[in-house]
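Trainee: Pasting a structure below so you can have a look.
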Amino acid sequence: MPPLDIRSYTARAGALVDASPPTTLRDTRRWLVEPLLETLGWDVRADSCLVDRDVDDVHLEYVPTVDSVPALFVAVEPATDSLDGSRANALRRAMAWTGVDRAIYTNGRDFLLLAGTSDIDYRTVRLADLPDAESVLANYTRSTLGSRLERHSRELVARQLAVERPVLVESIVDRLTAVTTQGEAYAPEFEAAAERFLDQLVVAFAEQQPASGDGPAVSVRFSESAITDDGPTREGTAESPTAAGDAPLEADDQTGAEHDESADEPRDGESDTATDSRSGKPDDEGHGDGEYVVRFFNERGSIGAIGHSTSDGALVEAAEYLLDRGLAGVDPPWRPDGSDRTVLNDGPVGADGSPMAAPKRLSNGLVLETAGSVDQRATRVKSLADRAGLRAMLTGDWDREAQ
């Protein structure tokens, strides 16, 4: 790869900022951001560079592509504004959701460089210091990213579907309304169904194959905040072990994976020979070699996810996640509609006073019933999400076939 002309760009941009800094987003893009992208080898005037796209609830000024595959996200603020921590977090979530693993967030004076999906590296560099970061910027060039995207894979399809999701939803809705009687009246339902369908496609193509092998039960949470809302000022690496899914990992609001010691010990009233009703084989509990992922959505799109190596652990993590998002107001004893089993109560008993088979006390003091087959726990997760006003999509070993 030829050397980058970063020093020349920095000199020109620095002189402009010192003499007459842009005051609008349009001028910031034209005079500061587009010259940087061109220095990195991207042709911002070509059709291969998408502009002004909304992806997973974050606006992107540029999405350069390689052979129609999104390669880089670029978000821009006016030069007179500071970088916003909430937008940086939204950008990171979009990276996790789409699989696009390079992003630049800038106002032309500060540059937040993000890399990765499961393990997010982020570094903030000021304009004057860009020459010292040339080796880092090389990872955002057209030649480097182009070489990484030469081999076709399912993950690249996920990128395309995610970035084109709004256009695809609109097209599907238009087609459905055109072929149905009084279709306009049902457009909101068509739109909701189309969004769910595309969400499922993105997840299906982005999903990694679960790793095999026994190990301790591991709990991970894909959450919203590795970069604080005070602003993206931290330099370095947010190190976190990889696990199911493509989102940054958090455990107990700290970066990293948490070893769930409680999953290694028998729970009150729990049998050591619990059985998966679908296969007749021992259930996943205590084995720690599964991949149970739950992704959560509101009406605007994905908001986060949790993962665990056992289905009962995933049920507990899902409940804890939902406590902060609408579930805390549940009136115990609570059971889902159509079910005769108490799921949440003040103590480890059902509504009739009989003991729960596998109670687990949550952080807010309520007790969760975790007993049952994988199917039953999956149903319980969806019911809890529905009670919190969210939608849950279950992937990984929730749908595994009996072996």
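The values are calculated or read from the model by the stated rules, or taken from the named source; none is laboratory data. From a predicted model like this one, the values you see are computed outputs, not experimental measurements. No Cβ is skipped: glycine too gets one built from the backbone with ideal geometry, and neighbour counts run over all protein chains shown. Calculation scope for accessible area: heavy atoms of the full protein, side chains included, ligands and nucleic acids excluded. Shrake-Rupley method; radii C 1.70, N 1.55, O 1.52, S 1.80 Å.
Trainee: Hey, can you tell me all the residues within segment 81-101 that are in contact with a helix residue (DSSP H, G or I) (Cβ under 9 Å, 6 or more places away or on another chain) and either of a type in the set (Gly, Ala, Ser) or surrounded by 22 or more Cβ atoms within 10 Å (Cβ to Cβ) (or both)?
Mentor: ALA94, TRP97, THR98, GLY99, VAL100, ASP101
Trainee: Another question, if that's okay. In this structure, does LEU127 turn out to be surrounded by 18 or more Cβ atoms within 10 Å (Cβ to Cβ), in contact with a helix residue (DSSP H, G or I) (Cβ under 7 Å, 6 or more places away or on another chain) and more than 25 Å from THR98 (Cα to Cα)?
Mentor: Here the answer is yes, as LEU127 does meet what is asked.
Trainee: Just to be sure before I move on: is TRP31 over 20 Å from ASP132 (Cα atoms), part of a helix (DSSP H, G or I) and touching a residue at least 12 places away in the same chain (Cβ under 8 Å) in the structure I sent?
Mentor: Considered against the rule, which asks whether it is over 20 Å from ASP132 (Cα atoms), part of a helix (DSSP H, G or I) and touching a residue at least 12 places away in the same chain (Cβ under 8 Å), TRP31 comes out as yes.
Trainee: Restricting to segment 165-178, give me the number of residues that are buried (at least 18 other Cβ atoms within 10 Å of the Cβ) and in contact with a strand residue (DSSP E or B) (Cβ under 9 Å, 6 or more places away or on another chain).
Mentor: Residues in segment 165-178 being buried (at least 18 other Cβ atoms within 10 Å of the Cβ) and in contact with a strand residue (DSSP E or B) (Cβ under 9 Å, 6 or more places away or on another chain): 1 in total.
Trainee: Here is a follow-up. Got a number for residues in segment 44-80 being open to solvent by 70 Å² or more (accessible area, probe 1.4 Å) and without any contact (Cβ under 8 Å) to a residue 40 or more places away in the chain?
Mentor: Result for segment 44-80: 3.
Trainee: I would also like to ask the following. Within segment 141-177, work out how many residues are of a type in the set (A, V, I, L, M, F, W, C) and in a loop (DSSP other than H, G, I, E, B).
Mentor: 1
Trainee: So, one more: Kindly indicate the residue of segment 1-43 that is surrounded by 17 or more Cβ atoms within 10 Å (Cβ to Cβ) and among the polar types (S, T, N, Q) and also nearest to ASN89 (Cα to Cα) among those meeting that condition.
Mentor: Residue satisfying both the conditions and the ranking: THR28.
Trainee: So, one more: Go through (1) modelled with pLDDT of 90 or more; (2) open to solvent by 20 Å² or more (accessible area, probe 1.4 Å); (3) over 26 Å from the mean Cα position of the chain (by Cα) one by one and return the number of the condition GLN403 breaks.
Mentor: (1)
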